[in-house]
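Just so you know, all these numbers are worked out from the coordinates, no wet-lab data involved. Because the structure is a prediction, the values reported are computed rather than measured. So basically every Cβ, Gly included, is an ideal-geometry build from the backbone, and we count neighbours across all protein chains shown.
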Amino acid sequence: MTSIAVEVFDAKNISKSIAYLENVFLLEYIGPLVIYPIFYLRPSEIYGPDASRYPMSYGVKFALVCWTFHYAKRLLETLFVHRFSNATMPLRNIFKNCGYYWVFAAFVSYFINHPLYTLPYFGFVQVATGLIGFIICEFGNLSVHLLLRNLRPLGTKVRKIPMPDINPMTLMFHFVSCPNYTYEVGSWLWFSYMTQSLPALIFTFAGFLQMAIWAKDKHRNYRREFPNYPKHRRAMIPFTMASQALQAVVLCGGLGNRMTSLTDYIPKCMLPIAGVPMFWYPLNFLQKNSIREVVMVVAEKLMDEIRHLLSNSALPPLDNLQIEFIKLSSVAEHWGTADVLRFINAQIKKDFIVVSGDFVSDMNLAPMLSLHAAENATLTCLLCDRVITGPVPGPKMKLSKERDFIVLSKNNQLLFSGSEEDYDETVTMNVNLLDKEFTSLKADLIPYILEKQNAKDSHGMHFSDINKFICFGTNVVKNLQYRLKCFAYLLPPENGFIVGHVNTIGSYFEINKAIIPFLSSSFSEKFSIGQRMDDSGTASDSECYIGPTTRLFLQSAAEAHVARSERPIIKRSVIGDKCVVGPKSKIISSVLMEECQIGAGAQITNSIICAGAEIGENANISSSIVVCQQVVSASAKVHNELVAPNGEVELEKWTEEIW
């Protein structure tokens, strides 16, 4: 039995579509195959009667052979190799494609076959080299087309991940998704080199632009369709970095409203993490992920200091970054992210990634960028359920709302995002919704609900229909989803050891301690490893960071005879530079910033001691915060407290001196 396919077109569809793509492509390719030789075979009719007096050089003859071979191959591939997954093409594309091929054939042929055409600069060597390169690329293009043909059984639309076969020319699949386009562009580059013709090079460039668009679309479809698609492949050009086309915006102008016990005295982006200001970490994250163009938004009063720190050798180097600084005045300190992006709109030249100034991580950005490209997303956000956080030292207070409510589809499309802060603990209900006549659930409330469920609105739409109309998964909502697609990348456990959003005291306190083992291995080889504790102490370099210029009591060779009981004990703590730690002191699970003075016998547990603070002898500090330049008297006991300047006048004067 023979099946006959019949398509019925109405008047509108006839003008929009045409069947049988084979005939369309034959029409496109037959033009260049016929037009180009006319200029070679009939020079007198094209260039004038004197044209026949000029002999045709071997370069012109080789160009004719290459051009004819390419389009003859294209015709044969259309008839016997290609298998089309789509049966129709818009009618306007026929005129566009034929115009492209036919006009360029005449344009290139006119100049190469011109009587005044001369051989390329290096003569036969250049012609022979270009010819060999052209033949290799044409063979590679044919090899890829044959592999793709064998990948799809006849009469089906089956799609598989293309992988190299025994033909060495297909090894290009290890690097790109569309090596047939790579080889074709290569063929025309060699043709342009062989002929040393500007029209041929223009034709090559125009073809490259179109094939790059096709390759990008196919690459995106592969990634969307096959979850295990090789992540290292590029669309068309091998060995290019996916992240090089991105700009980065680093937002370091925030006030730190969720950690005012610290940020009232130290600017948030200047808070030290393992002795390095916080703003360094998002910049290092971008450098590790090969993103070089950075727009850094900072507070106006901090810009000079940040520039100075980045320009000298005080911090681990960030030599690969090109940083453009944008200063925010005090008026703009309360702006949100959207306000800042609107303000720096002129500096954003292409697709960009926004990194918060309090983001600290060693994650690999490539999978997230691959998802963004594969889904052709407008926005892709990072979500993680293992963000580092910990206990909060200082006065006990009610914790602020910090969670986000996120709704994702099965393919991780972002459907809804809202902050817990935007929702009240109690929901206001209009009194009109209450009926004083309800005295029984069974007799009054349930019949009322059933009545309302079966009621119709003023436009005749059923309430159940409204529910179906607006719920997720319906066609109406899907149509809205595809206009601007937003996705979420869920960070897997194997991608990065450290993930921190340091916007609270708890996260700042804990990340200082958690990051210590990974400073050199995951962040920067140039990171100072600090001082090492010998066997006589209880601290080790894997759990503590001690600034290289910090002075620990009893650390010289002359003091080695002193009993172990006199030595300071330091466990899972960070101690900044230029600190002095006295004998018999104990520092457990704490963070000490630079230039702190710790008296003999002092005990500091689960606390943050800010820069320049002085802790007296035998003082006992636990779960507290001592801000900059403050003094805790000898033998004092401080628990769950904030040791800060007293009085607004003193605080304002002190803050001006520090900032």
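Note on the range 269-424: Cα-Cα pairs beyond 29 Å make up 28% of the total pair count. Ignoring solvent entirely, what values of log10 I(q)/I(0) come out of the Debye formula for the range 261-338 at 0.23, 0.24 Å⁻¹ when each Cα is a single scatterer? Log-scaled intensity ratios, in q order: -1.27, -1.35. Taken one residue at a time, the phi angles of the range 487-494 give Karplus couplings (6.51, -1.76, 1.60, θ = phi - 60°) of 10, 10, 9, 8, 5, x, x, 7 Hz. Gly and Pro are set to x. Across the range 569-586, coupling constants 3J(HN,Hα) worked out from phi with the 6.51/-1.76/1.60 Karplus curve, θ = phi - 60°, read 10, 10, 9, 6, 9, 10, 10, x, 6, 6, 8, 10, 10, x, x, 6, 7, 10 Hz, and Gly and Pro carry x. log₁₀ I(q)/I(0) of the range 11-225 at q = 0.12, 0.13, 0.16 Å⁻¹, via Debye over equal Cα point scatterers, no solvent, to two decimals? These q points yield log10 I(q)/I(0) values of -0.71, -0.82, -1.16.
Counting 0.36 nm for each residue step from residue 52 to residue 404 and taking away their Cα separation leaves a gain of 118.8 nm.
Across the cross-link table entries 513/586; 410/485; 327/350; 160/231; 301/327, which are compared at the Cα atoms, the separations over 18 Å belong to 327/350. Sorting 405, 104 from the fewest to the most surrounding beta carbons within 10 angstrom yields 405, 104. Database remark: amide H of residue 296 closer than 5 angstrom to the amide H of 250, 324, 325, 326 (H placed geometrically; neighbours at sequence offset of 5 or more, or on other chains; Pro and chain starts carry no H).
Net charge around residue 363, counting only other residues with Cβ within less than 13 Å of its Cβ (Lys, Arg = +1; Asp, Glu = -1)? Summing Lys and Arg as +1 and Asp and Glu as -1 gives 0. The chymotrypsin sites (Phe, Trp or Tyr not before Pro) of the range 292-401 include none that meets both conditions, a loop assignment by DSSP and at most 13 other Cβ atoms within 10 Å of the site Cβ.
Remark on residue 613: its backbone amide H falls under 5 Å from those of 597, 629, 630, a criterion applied only to residues 5 or more positions apart or on other chains, H modelled at 1.01 Å from N.
Ordering 551, 567 from the fewest to the most neighbouring beta carbons within 10 Å gives 551, 567. Here the range 339-409 is treated as a sphere whose radius is the Kirkwood value from Cα pairs; by Stokes-Einstein at 20 °C and 1.002 mPa s it diffuses with a coefficient of 134 µm²/s.
Proximity of backbone amide H atoms, modeled 1.01 Å from N, is registered between residue 415 and 407, 408, 409 at under 5 Å, excluding neighbours fewer than 5 places apart on the same chain.
Residue-wise HN-Hα couplings along the range 93-98, as the Karplus relation 6.51 cos²θ - 1.76 cosθ + 1.60 with θ = phi - 60° gives them from phi, are 5, 4, 5, 5, 5, 4 Hz; Gly and Pro carry x.
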